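Peer 1: Sharing a structure with you now.
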Amino acid sequence: MSEKTAEVFDLQGKATGKINLPQVFSTPIRPDVIKRAVLAIQSNRLQPQGRDPMAGKRTTAESRGTGMGIARIPRIKGGSGRAAFAPSTVGGRQPHPPKAEKKIVKNIPKKEAKLALTSAIAATAQREVVAKRGHAIEKIVQIPLIIDDTIENLTRAKDVEAVLTSLGINDDVVRVRDSRNIRAGKGKLRGRKMKQAVGPLIVVCDDVNLVVAANNLPGVQVTTVLNLNTEMLAPGTHPGRLTVWTNGAIEQLNTLYGENA
């Protein structure tokens, strides 16, 4: 099989050379496997929900039996006759409360997880898949987009924004900024008031400087090849996230997922 090549761009958006793409970009796209892998990752973040086994049961309420013309539900002692203990009563127990020991983590085989990751990587190289996710890629000359390693040395957000503009990616950052709005519903009360779209992902070898520089750009995420996972490449289980690869990241991909890996 002949190797596919792609151009490498500098920080000004000019092509400086070519690089052979790793075989991982030829992996068949499997949305079903990607979805299973993303849900498995998300399930590991869920907090176990449970109730005190004695909740609603700390009472001496008893039923008064029959012959009194009242329902036979448990009632507290005294003349009030207020119901207690039973489900659907004030202060009573829940009929089927959540249990902390419930299995909420979805496991996935290692080989299937690797297939999902390589498939998600391959999806980032398909222009039609990236466009289907809603990314603004009209001004981007090449998918996958590969940039020189010098981007890792940037320390200011304005410099990163200038690079993204020269590469034609800034339109997608503007799209994310315009999509930011207040979430509907009670999520506003639970620490997630704002909601916004997902922007471009920058994959590097060393993110020490760049992660700080890109922190103030809405929707932009920076990660290393070693920390890459399926959810980053397919947020919401939908593959084809707009991804920018550095030259060194592509070489590292070849080492991790090449034919001899």
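Every number here is computed from the coordinates shown, using simple stated rules; none is lab data. Not measured: the values here are computed from a predicted model. A quick note on method: Cβ atoms are made from the backbone with ideal geometry, for glycine too, and the neighbour counts reach across all protein chains shown.
Peer 1: Among the residues of region 176-184, is there at least one that is surrounded by 17 or more Cβ atoms within 10 Å (Cβ to Cβ), hydrophobic (A, V, I, L, M, F, W, C) and farther than 25 Å from Lys132 by Cβ?
Peer 2: For region 176-184, residues surrounded by 17 or more Cβ atoms within 10 Å (Cβ to Cβ), hydrophobic (A, V, I, L, M, F, W, C) and farther than 25 Å from Lys132 by Cβ: absent.
Peer 1: Would you check which residues across region 1-54 are hydrophobic (A, V, I, L, M, F, W, C), free of Cβ contacts under 8 Å to residues at least 60 places away in the same chain and under 30 Å from Leu154 (Cα atoms) and list them?
Peer 2: Matches in region 1-54: Ala15 only.
Peer 1: Another question about this same structure. If you scan region 96-147, which residues turn out to be charged (D, E, K, R) and either within 27 Å of Ser179 (Cβ to Cβ) or without any contact (Cβ under 8 Å) to a residue 40 or more places away in the chain (or both)?
Peer 2: Lys103, Lys110, Lys111, Lys114, Arg127, Glu128, Lys132, Arg133, Glu138, Lys139
Peer 1: So is Ala40 surrounded by 14 or more Cβ atoms within 10 Å (Cβ to Cβ), under 18 Å from the mean Cα position of the chain (by Cα) and either among the small types (Gly, Ala, Ser) or on the phi > 0 side of the Ramachandran plot (or both) or not?
Peer 2: Against the criterion (surrounded by 14 or more Cβ atoms within 10 Å (Cβ to Cβ), under 18 Å from the mean Cα position of the chain (by Cα) and either among the small types (Gly, Ala, Ser) or on the phi > 0 side of the Ramachandran plot (or both)), Ala40 qualifies.
Peer 1: Separate question: Which one is nearest to the chain's Cα centre (by Cα) among residues in region 208-223 that are farther than 17 Å from Arg133 by Cβ and surrounded by 20 or more Cβ atoms within 10 Å (Cβ to Cβ)?
Peer 2: Checked region 208-223; the qualifying residue nearest to the chain's Cα centre (by Cα) is Val222.
Peer 1: Would region 243-256 turn up any residue that is farther than 18 Å from Asp149 by Cβ and either of a type in the set (S, T, N, Q) or assigned to a loop (DSSP other than H, G, I, E, B) (or both)?
Peer 2: No, region 243-256 has no match at all.
Peer 1: For the condition in contact (Cβ under 8 Å) with a residue 12 or more places away in the chain, in a loop (DSSP other than H, G, I, E, B) and of a type outside the set (A, V, I, L, M), what is the one hit in Asp172, Asp206?
Peer 2: The conditions single out Asp206.
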